[in-house]
Amino acid sequence: MSKIAVVYWSGTGNTQKMAEAVAEGVKAAGSEADVIFSDSFSANDVSNYDAFAFGCPAMGSENLEEGSFDPMFASVEGSLSGKKVGLFGSYGWGDQTWMHDWESRVQGDGAQLVEAGITCLNEPDDTVLEACKELGGKLAA
């Protein structure tokens, strides 16, 4: 049984709903999921997990949240090589540039991106939540 960290930041609750759906998919696939707010995760925690789902909404000019999430993510990047990673997040404007940039960043770290990042405009609907559950299943496989 694998252990998956679902690490997220959410300001409105939209990305949190996506994180919970990813964890639900992990558990349905028979693995263990820890849902962790980004303030409570660091590079010291990486060795405790087999795979990772990271969730962050687009902020400002389509960036990762800069106060908590991006510093945490920068601290774990050097430990992701060879690890399975999934990305997700919501946005309220723009053309999803933040997700495309983030995908490139993860691949540049040598991580195995299990699929394209899952995004939704504002609140996730049932289709997006189902995609998040499927992501959890892929990370657990």
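The values are calculated or read from the model by the stated rules, or taken from the named source; none is laboratory data. As the structure is a computational prediction, the values presented were derived from the model and not from experiment. All Cβ positions, glycine included, derive from the backbone under ideal geometry; neighbour counts span all protein chains shown. For accessibility, only protein heavy atoms count, side chains too; no ligands or nucleic acids. Shrake-Rupley method; radii C 1.70, N 1.55, O 1.52, S 1.80 Å.
Laid out as a table, the results:
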quantity: Considering residues of segment 91-141 that are of a type in the set (Phe, Trp, Tyr) and open to solvent by 10 Å² or more (accessible area, probe 1.4 Å) only, the residue nearest to LYS3 (Cα to Cα); calculated: TYR91
quantity: Search result, residues across segment 1-49 that are of a type in the set (D, E, K, R) and either touching a Pro at 6+ places or on another chain (Cβ under 6 Å) or in contact (Cβ under 8 Å) with a residue 40 or more places away in the chain (or both); calculated: LYS3, LYS17, GLU24, LYS27, ASP45
quantity: Some residue of segment 91-104 being modelled with pLDDT of 95 or more, out of contact with any Asp or Glu (no Cβ under 8 Å at 6 or more places or on another chain) and within 18 Å of GLU20 (Cα to Cα); calculated: no
quantity: Top-ranked residue in segment 113-141 [being acidic (Asp, Glu) and part of a loop (DSSP other than H, G, I, E, B); ranked as farthest from PRO71 (Cα to Cα)]; calculated: ASP125
quantity: Test set (1) open to solvent by 20 Å² or more (accessible area, probe 1.4 Å); (2) of a type in the set (S, T, N, Q); (3) assigned to a strand (DSSP E or B) - SER61 fails condition number; calculated: (3)
quantity: Selection count, segment 68-112, where residues are aromatic (Phe, Trp, Tyr) and in a loop (DSSP other than H, G, I, E, B); calculated: 1
quantity: Answer residue from segment 1-45, given it is more than 14 Å from the chain's Cα centre (by Cα), buried (at least 16 other Cβ atoms within 10 Å of the Cβ) and more than 25 Å from THR127 (Cα to Cα) and is modelled with the lowest pLDDT among those; calculated: SER2
quantity: Any hit, segment 81-90, residues being closer than 17 Å to PHE41 by Cβ, among the charged types (D, E, K, R) and surrounded by 15 or more Cβ atoms within 10 Å (Cβ to Cβ); calculated: yes
